[in-house]
Amino acid sequence: MQVKFLSKGTTLIVSILGELDHHSAEYIRQKVDSEIIKATTKNIIFDFSKVTFMDSSGIGVILGRYKNVQKINGKTSIANVNSQIKRIFEMSGLFKIIPVYDNLDIAINKM
Amino acid sequence: MQPVNEMELKFLSKSNNESFARVAAAAFVSQLDPTLEEMADIKTAVSEAVTNAIIHGYENKVGFVTMRCSLYADSVEISISDEGMGIENIELARQPLYTSKPEMERSGMGFTVMENFMDRVEVISQLNSGTTIKMYKTFKSLKNKN
Ligand SMILES: Nc1ncnc2c1ncn2[C@@H]1O[C@H](COP(=O)(O)OP(=O)(O)OP(=O)(O)O)[C@@H](O)[C@H]1O
Ligand SMILES: [Mg+2]
């Protein structure tokens with residue numbers, strides 16, 4: 001499991017590579033939160049194109065970061081979600097508050 | 001009905017065993033040759049039940065989690081047990097968005113995910129002695145073949 005960051009102005013693109021479960025959640029949380037604290041970051045886009053597995057632990061991780069950027073009036077979105085993971089997000093109602101886009105270009109444009 | 005194959009696995013309640021358990025279950029079930037999507041459903045449901053045993057059943061203590069799989073011609077039964085604290089109110093626990101650990105960023109969707117990805121989920125639990133989750137799934141891709 002690996003987390004990669006790319007900044008586009010005040011938007012931080014977070015790419016998660018590998019499995020997002022309870023075991024990896026704490027690492028992802030710490031990594032992303034220490035980036036959010038930096039003055040340059042306001043919005044977050046989660047790139048899910050390299051996520052090979054996710055269970056309900058992922059919902060908590062995304063919602064937690066959403067709340068953290070909301071405190072600095074930032075926005076959160078998700079891009080490149082496969083159908084299995086999309087089902088999990090849909091069940092939780094997460095898409096009602098966090099938009100999902102087919103690819104990164106669209107997500108960046110909508111920020 | 002007699003199972004065509006069975007297995008039992010026992011492992012410590014450590015979080016790195018979450019991926020071990022779901023990969024082991026998927027590898028065992030793959031004998032039946034279900035679709036990749038059906039395998040992904042199994043992996044996700046197993047991950048939910050095992051994670052619950054670790055974070056809720058045992059909390060910060062260490063104990064053993066037991067996973068049993070029985071294969072039938074076109075279906076599987078998986079049970080995941082812990083000898084942890086048990087569930088006081090099963091009906092409440094199964095409700096979507098109910099979690100006893102919101103401070104740990106849990107979303108309360110584990111049982112809902114299991115129910116959606118499997119055909120049937122049974123919860124057997126006793127306070128202070130443990131919990132068993134039994135899950136059943138018929139592989140639709142195999143049903144037509146037999
Ligand atoms: N094995 C278990 N032992 C004791 N309590 C359990 C067990 N499994 C589930 N529970 C209880 O049932 C509740 C609901 O479980 P569920 O998996 O749906 O949500 P969660 O684990 O709290 O959150 P999420 O799975 O979305 O991260 C838990 O918060 C916990 O109180
Ligand atoms: Mg859970």
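Quickly run through segment A:13-34 and pick out the residues that are more than 10 Å from every other protein chain (Cβ to nearest Cβ), under 15 Å from A:Thr76 (Cα atoms) and not aliphatic (A, V, I, L, M).
Listed by number, the residues that qualify are A:Ser15, A:Asp33.
Does segment A:51-80 hold any residues that are open to solvent by 20 Å² or more (accessible area, probe 1.4 Å) and not in a helix (DSSP H, G or I), and which are they?
Residues of segment A:51-80 open to solvent by 20 Å² or more (accessible area, probe 1.4 Å): A:52, A:63, A:66-68, A:70-73, A:75, A:80.
Selection gives A:Thr52, A:Lys71, A:Ile72, A:Asn73, A:Lys75, A:Asn80.
Which pairs do you get when a residue that is over 19 Å from A:Ile85 (Cβ atoms), found in segment B:33-55, comes within reach of a residue that is near ligand 2 (Cβ under 9 Å from one of its atoms) and part of a helix (DSSP H, G or I), reach meaning Cβ atoms under 6 angstrom, with the pair 6+ apart or on two chains?
B:Asn52/B:Gly110
Could you tell me whether segment B:58-66 includes any residue that is among the basic types (Lys, Arg) and away from chain A (no Cβ under 13 Å)? Break it down into steps so the answer makes sense when it comes.
Taking segment B:58-66 and keeping what is among the basic types (Lys, Arg), we get B:61.
Cutting the leftovers down to away from chain A (no Cβ under 13 Å) gives us B:61.
Taking every residue of segment B:58-66 in turn, at least one turns out to be among the basic types (Lys, Arg) and away from chain A (no Cβ under 13 Å).
For segment A:1-27, what are the residues that are touching a Phe, Trp or Tyr at 6+ places or on another chain (Cβ under 6 Å) and open to solvent by 40 Å² or more (accessible area, probe 1.4 Å)?
Once the filter is applied, which keeps residues that are touching a Phe, Trp or Tyr at 6+ places or on another chain (Cβ under 6 Å) and open to solvent by 40 Å² or more (accessible area, probe 1.4 Å), segment A:1-27 yields only A:Glu19.
Could you please find all residues in segment B:7-42 being under 16 Å from B:Ser141 (Cβ atoms), facing another protein chain (nearest Cβ under 10 Å) and under 14 Å from the mean Cα position of the chain (by Cα)?
As a first pass, look at segment B:7-42 and keep what is under 16 Å from B:Ser141 (Cβ atoms): B:26, B:29-42.
Keeping just the survivors that are facing another protein chain (nearest Cβ under 10 Å) gives B:36-37, B:40-41.
Those that are under 16 Å from B:Ser141 (Cβ atoms), facing another protein chain (nearest Cβ under 10 Å) and under 14 Å from the mean Cα position of the chain (by Cα): B:Ala40, B:Asp41.
Does segment B:6-13 include one or more residues that are open to solvent by less than 30 Å² (accessible area, probe 1.4 Å) and of a type in the set (Asp, Glu)? Walk me through how you get there before you give the answer.
First, pick out the residues of segment B:6-13 that are open to solvent by less than 30 Å² (accessible area, probe 1.4 Å): B:11, B:13.
Those left that are additionally of a type in the set (Asp, Glu): none.
Scanning segment B:6-13, I find no residue that is open to solvent by less than 30 Å² (accessible area, probe 1.4 Å) and of a type in the set (Asp, Glu), so the answer is no.
Of the numbered conditions (1) open to solvent by 20 Å² or more (accessible area, probe 1.4 Å); (2) closer than 26 Å to A:Met91 by Cβ, B:Met1 fails exactly one; give the number of that condition.
B:Met1 satisfies all of (1) open to solvent by 20 Å² or more (accessible area, probe 1.4 Å); (2) closer than 26 Å to A:Met91 by Cβ except (2).
Please tell me if A:Ile85 is under 26 Å from B:Glu18 (Cα atoms), β-branched (Val, Ile, Thr) and either outside any strand (DSSP E or B) or within 14 Å of chain B (Cβ to nearest Cβ) (or both). Full working, then the answer.
Details: under 26 Å from B:Glu18 (Cα atoms): yes; β-branched (Val, Ile, Thr): yes; either outside any strand (DSSP E or B) or within 14 Å of chain B (Cβ to nearest Cβ) (or both): yes.
The answer is yes for A:Ile85.
Of all residues in segment B:14-44, which are aromatic (Phe, Trp, Tyr) and open to solvent by less than 30 Å² (accessible area, probe 1.4 Å)?
Initially, segment B:14-44 is screened for residues aromatic (Phe, Trp, Tyr), giving B:20, B:28.
Scanning segment B:14-44 gives a single hit, B:Phe28.
Tell me whether segment B:53-76 contains one or more residues that are surrounded by fewer than 18 Cβ atoms within 10 Å (Cβ to Cβ), closer than 17 Å to B:Glu18 by Cβ, small (Gly, Ala, Ser) and within 12 Å of ligand 1 (Cβ to nearest atom).
Yes.
Just for segment B:79-89: of the residues that are within 16 Å of ligand 2 (Cβ to nearest atom) and closer than 24 Å to B:Thr138 by Cβ, which one is farthest from the other protein chains (Cβ to nearest Cβ)?
Ranking the qualifying residues of segment B:79-89, first place goes to B:Ser81.
Residue-by-condition table, conditions (1) modelled with pLDDT under 95; (2) under 13 Å from the mean Cα position of the chain (by Cα):
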site: A:Glu35; (1), (2): yes, yes
site: A:Thr40; (1), (2): yes, no
site: A:Asn43; (1), (2): no, yes
site: A:Ser57; (1), (2): no, yes
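I'm trying to understand the selection: among the residues of segment B:86-108, which are buried (at least 18 other Cβ atoms within 10 Å of the Cβ) and in contact (Cβ under 8 Å) with a residue 40 or more places away in the chain?
Hits for segment B:86-108 are B:Ile87, B:Arg106.
The values are calculated or read from the model by the stated rules, or taken from the named source; none is laboratory data. Bear in mind that the values here come from a model prediction, so they are computed numbers and not experimental data. With ideal geometry, Cβ positions are generated from the backbone for all residues, glycine too; neighbour counts draw on all protein chains shown. Just the protein is used for accessible areas: all its heavy atoms, side chains included, with ligands, DNA and RNA removed. Shrake-Rupley method; radii C 1.70, N 1.55, O 1.52, S 1.80 Å.
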